[in-house]
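Undergrad: My questions all concern the structure below.
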Amino acid sequence: MIAWLEQFWASLTWTSVILGGIGVVVTFVVSYVVVTIILVKMPANYFHSDYEHHFFPDSHPVARAVAIGVKNVLGILVIVTGIILSLPGVPGPGLLTIFIGVMMTDIPGKRRLESKIVERPAVLSAINRLRAKYNKPALLLDEK
């Protein structure tokens, strides 16, 4: 292990350090932009029980199945990206990205998990502050 680390340090150049730093900044900025867009574009009643979560309801059954499959695969990719962003040294909103990936997938218990996370006062206030900054209404939740 120590030999590998010594070899790694010896192979570092200023170019690789600068390129790595640029990569860190780019992934940080892109991840925050994407998360912000999703949270701002989300309907205010998305977490309310009266919101219909049916995707592609009027399309052909085969096209609907394919679209749902693609949506689930993209959701899994977003979850994996969130896990990577959660690693030490990788900048970005890892947990929030995982949450958005879970929102994209069709897994049992998803709605209950989403509600429990969003109902946390710190999470809800952070999301609502972001939405208010872009003149969007606060999220509506079910009454407890």
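Undergrad: Scan (1) of a type in the set (Ser, Thr, Tyr); (2) surrounded by 10 or more Cβ atoms within 10 Å (Cβ to Cβ); (3) modelled with pLDDT of 85 or more for the single condition SER31 breaks and write down its number.
TA: Going through (1) of a type in the set (Ser, Thr, Tyr); (2) surrounded by 10 or more Cβ atoms within 10 Å (Cβ to Cβ); (3) modelled with pLDDT of 85 or more one by one, SER31 breaks only (3).
Undergrad: Something else: Just give me the residues in region 85-144 being in contact with a Ser or Thr (Cβ under 6 Å, 6 or more places away or on another chain) and of a type in the set (A, V, I, L, M), in sequence order.
TA: Hit for region 85-144 is LEU85, nothing else.
Undergrad: Let me ask another. What number of residues within region 83-114 are part of a helix (DSSP H, G or I) and out of contact with any Pro (no Cβ under 8 Å at 6 or more places or on another chain)?
TA: Adding up the residues that qualify gives 18.
Undergrad: Also: Restricting attention to region 14-23, report how many residues are exposed (fewer than 10 other Cβ atoms within 10 Å of the Cβ) and either closer than 11 Å to VAL90 by Cβ or within 19 Å of the chain's Cα centre (by Cα) (or both).
TA: Residues in region 14-23 being exposed (fewer than 10 other Cβ atoms within 10 Å of the Cβ) and either closer than 11 Å to VAL90 by Cβ or within 19 Å of the chain's Cα centre (by Cα) (or both): 0 in total.
Undergrad: Moving to a separate point now. Confirm whether ILE107 is touching a Leu at 6+ places or on another chain (Cβ under 9 Å), surrounded by fewer than 19 Cβ atoms within 10 Å (Cβ to Cβ) and closer than 22 Å to ILE68 by Cα.
TA: Considered against the rule, which asks whether it is touching a Leu at 6+ places or on another chain (Cβ under 9 Å), surrounded by fewer than 19 Cβ atoms within 10 Å (Cβ to Cβ) and closer than 22 Å to ILE68 by Cα, ILE107 comes out as yes.
Undergrad: Out of all the residues in region 115-138, which are farther than 23 Å from LYS71 by Cα and either of a type in the set (Ser, Thr, Tyr) or in a loop (DSSP other than H, G, I, E, B) (or both)?
TA: GLU119, ARG120, SER125, TYR134, ASN135, LYS136, PRO137, ALA138
Undergrad: In the list VAL73, VAL26, VAL62, VAL66, which residue meets the criterion of being assigned to a helix (DSSP H, G or I), without any contact (Cβ under 8 Å) to a residue 24 or more places away in the chain and exposed (fewer than 10 other Cβ atoms within 10 Å of the Cβ)?
TA: VAL62
Undergrad: PRO93 versus (1) within 28 Å of GLY21 (Cα to Cα); (2) touching a residue at least 40 places away in the same chain (Cβ under 8 Å); (3) exposed (fewer than 14 other Cβ atoms within 10 Å of the Cβ); (4) not aromatic (Phe, Trp, Tyr): which is the lone unmet condition?
TA: Just one mismatch for PRO93, condition (3).
Undergrad: Out of ILE68, ILE76, I need the residue that is closer than 30 Å to ILE22 by Cβ, aliphatic (A, V, I, L, M) and at pLDDT 80 or above. Which one?
TA: Numbers: ILE68 fails: closer than 30 Å to ILE22 by Cβ.
Going through ILE68, ILE76 in turn, the sole match is ILE76.
The values are calculated or read from the model by the stated rules, or taken from the named source; none is laboratory data. This structure is a prediction, so every number in the text was calculated from the model and none was measured. All Cβ positions, glycine included, derive from the backbone under ideal geometry; neighbour counts span all protein chains shown.
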